[in-house]
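Worksheet: one structure, shown below.
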Amino acid sequence: MKLGITGLPGSGKSTVFEALTRNISDAGHKGENRIGTIRVPDPRVDVLSNMYQPKKTIYAQVEYFLPGMPGHDKEKKINRNLLTPIRDCDALIHLIRNFGGYGFEEPTPYKDFLKLDQELVLTDLMVVEKRLERMKLDKKRGKPTEQEEVSLLTECLKKLEDEIPLRKFPDIASAHLLRGYAFLSGKPMLVLFNNEDDNDGLPDVKDLISSEDCIIIRGKLEQELAQMSDEEAEDFLREFNITASATARVIKRSYQLLGLISFFTVGKDEVRAWTIKKGTHALDAAEVIHSDIKKGFIRAEVLSYNDLTDAGTYQEARKRGTVRLEGKTYEVQDGDIINFRFNV
């Protein structure tokens, strides 16, 4: 899972990136693209690792991407060049300034949200108009055109001309024929309000909160937290009444936003978490591990995490009848422990 961080100048993107990734950069590298890969906290992996004592324990991973900021990102206008690199991200984190202080005007969260969101819409509109114009010319020249693609792009054009982001129409945004366009306004979006240290509440923007997936972060506070040891961080969390770190909260909401779940493979060599889309069939989950497993798929031996912990051991779970064999079309559930039987 790759999440692109975007927002207006001055919203605190670098601070939040460092808070989420513990990837602290010196001032000389602020203008470069930055990528931070972190493991997804999952207590189930810890339990399974303690149970099997494997040689390796591998958590699922999430990647945060922050486009480079020319100069010092102080201009109060959107640099459209910063939008292009986030096209290959799975989802966007739209960071909004919700703090004041010396040198800052009063925050205007809803206005700031609309400003960038409309820029995403406009960028996609230009792409669609250009492509439809090219397809029109190709048709005049006798070149074949994909009519279904034309229809889908025409639908996109109508929505975008009405200033509606394509993420509001997931069936269109995720259509197979449109995947190559990587529409910015079609990407799932998590709105992250960057609050002051002593503010743990959402701003008074009911229309935005009701229409988008929104959470808050106290960026500077969380950035400090990211630089502490685990013991120091625990005391810090208690002092500021933070029940979970920003990293954990953002990952959890991102999984929900993208409809992602985890399944596990276990053994003495390795305990590992794998990330898939909810609704994935066993055959496709097998391919996530290796294409050969999909090719030679026979059966999936499945045990739910809860059934394993209730039983205490895999052998006991088998005696209880909770270990079962499933076929290619079995829909993998969050927390499934799977042993794929295959032959190639």
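The values are calculated or read from the model by the stated rules, or taken from the named source; none is laboratory data. What you see is a predicted model; the values in this text were computed from it and never measured. Neighbour counts are summed over all protein chains in view; Cβ atoms, including those assigned to glycine, are modelled from backbone coordinates with ideal geometry.
Give the number of residues within the stretch 155-179 that are surrounded by 12 or more Cβ atoms within 10 Å (Cβ to Cβ) and assigned to a helix (DSSP H, G or I).
First, pick out the residues of the stretch 155-179 that are surrounded by 12 or more Cβ atoms within 10 Å (Cβ to Cβ): 155-157, 159-161, 163-170, 172-175, 177-178.
Now drop any that are not assigned to a helix (DSSP H, G or I), which leaves 155-157, 159-161, 166-168, 170, 172-173, 177-178.
Qualifying residue count, the stretch 155-179: 14.
Across the stretch 219-241, which residue is farthest from Ser11 (Cα to Cα) among those that are without any contact (Cβ under 8 Å) to a residue 24 or more places away in the chain and not in a helix (DSSP H, G or I)? I'd like the intermediate steps shown before the answer.
Initially, the stretch 219-241 is screened for residues without any contact (Cβ under 8 Å) to a residue 24 or more places away in the chain, giving 224, 228-239.
Right, trim to not in a helix (DSSP H, G or I) and you get 228-229.
Details: Met228: 24, Ser229: 27 Å.
Across the stretch 219-241, the extreme among qualifying residues is Ser229.
Between residues in the stretch 313-341 that are in contact (Cβ under 8 Å) with a residue 12 or more places away in the chain and residues that are among the hydroxyl-bearing types (Ser, Thr, Tyr) and part of a loop (DSSP other than H, G, I, E, B), which pairs lie under 7 Å by C-beta distance while being six or more apart or on different chains?
Val332/Thr280
Does Leu125 satisfy the condition of being modelled with pLDDT of 95 or more, outside any helix (DSSP H, G or I), out of contact with any Phe, Trp or Tyr (no Cβ under 6 Å at 6 or more places or on another chain) and not β-branched (Val, Ile, Thr)?
So Leu125 fails the test.
If only one of Asp292, Asp307 is acidic (Asp, Glu), out of contact with any helix residue (DSSP H, G or I) (no Cβ under 8 Å at 6 or more places or on another chain) and farther than 17 Å from Ala60 by Cα, which one is it? Reasoning before the result, please.
Values: Asp307 fails: out of contact with any helix residue (DSSP H, G or I) (no Cβ under 8 Å at 6 or more places or on another chain).
Within the list Asp292, Asp307, the selection yields Asp292.
Give me a count of the residues in the stretch 301-344 that are over 17 Å from Asn50 (Cα atoms), β-branched (Val, Ile, Thr) and part of a strand (DSSP E or B).
2
Whether any residue in the stretch 267-289 is free of Cβ contacts under 8 Å to residues at least 60 places away in the same chain, among the acidic types (Asp, Glu) and either outside the structural domain of Leu20 (by TED's automatic domain parsing) or closer than 21 Å to Glu63 by Cβ (or both) is what I want to check.
Just the residues of the stretch 267-289 that are free of Cβ contacts under 8 Å to residues at least 60 places away in the same chain, to begin with: 276-289.
Now drop any that are not among the acidic types (Asp, Glu), which leaves 284, 287.
Those left that are additionally either outside the structural domain of Leu20 (by TED's automatic domain parsing) or closer than 21 Å to Glu63 by Cβ (or both): 284, 287.
Yes, the conditions are met somewhere in the stretch 267-289.
Looking for something within 23 Å of Pro165 (Cα to Cα) and crowded, with 17+ Cβ neighbours inside 10 Å - is there at least one such residue anywhere in the stretch 221-234? Give the derivation first.
Filtering the stretch 221-234 down to residues within 23 Å of Pro165 (Cα to Cα) leaves none.
Scanning the stretch 221-234 turns up no residue that is within 23 Å of Pro165 (Cα to Cα) and crowded, with 17+ Cβ neighbours inside 10 Å.
Within the stretch 317-336, how many residues are loosely packed, with under 14 Cβ neighbours inside 10 Å and over 27 Å from the mean Cα position of the chain (by Cα)?
Adding up the residues that qualify gives 5.
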